[in-house]
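Read through the structure below, which is laid out as structure tokens, and then see the notes.
The values are calculated or read from the model by the stated rules, or taken from the named source; none is laboratory data. Since we're looking at a predicted model, the values are computed, not measured. Glycine also receives a Cβ, built like all others from the backbone with ideal geometry; neighbour counts cover every protein chain displayed. The protein model used for the area step is the full one, side chains on, heavy atoms only, and it has no ligands, DNA or RNA in it. Shrake-Rupley method; radii C 1.70, N 1.55, O 1.52, S 1.80 Å.
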Amino acid sequence: MCEFERQTFAALDFAAIDGFIDKNKNIHVELNREEIIEIACVKIQNGEITGHFHSFVGIDGYDANSVEFDDCRVMAYCARAEHLIGAPPFGEVIQRLRNYIADSVLVLRPSLFLRKC
């Protein structure tokens, strides 16, 4: 039996895009898959937040200075293209996230798995 009172939970959320405007080329870029651009996680123990993790993530193969978002879903997270300037690559962020989560029980909200309409 799991003793929830003694567990540390890590609640994970992220923002992703499937397209953006390349300002340098003046074109709309459609990605083959959604690209994660922001990851956030909080640790909770005994009903209290005990720590947090946050990072923006660079879009592989694109200069963040030329990126512009036109998607209201991303804007709802308050992520702006300029946040990606100097952002580390996904592999680096995910390794730091793994270390942060460690042996915590990972919690995801169900809508992370739903496809957009």
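A few comments on the model shown:
- Listed residues V42, V57 arranged by accessible area, highest first, probe 1.4 Å: V42, V57
- Across segment 48-63, rounded Karplus estimates of 3J(HN,Hα) from the backbone phi angles (6.51 cos²θ - 1.76 cosθ + 1.60, θ = phi - 60°) give 10, 6, 10, x, 8, 10, 8, 7, 7, 10, x, 8, 4, x, 10, 7 Hz, Gly and Pro being marked x.
- Where a label projected 7 Å from the Cα of R109 along Cα→Cβ would reach, residues of segment 31-53 with amide N under 20 Å: 34-45, 47-53
- When the surface is traced with a 1.4 Å probe over the full set of protein chains, R96 keeps roughly 90 Å² accessible.
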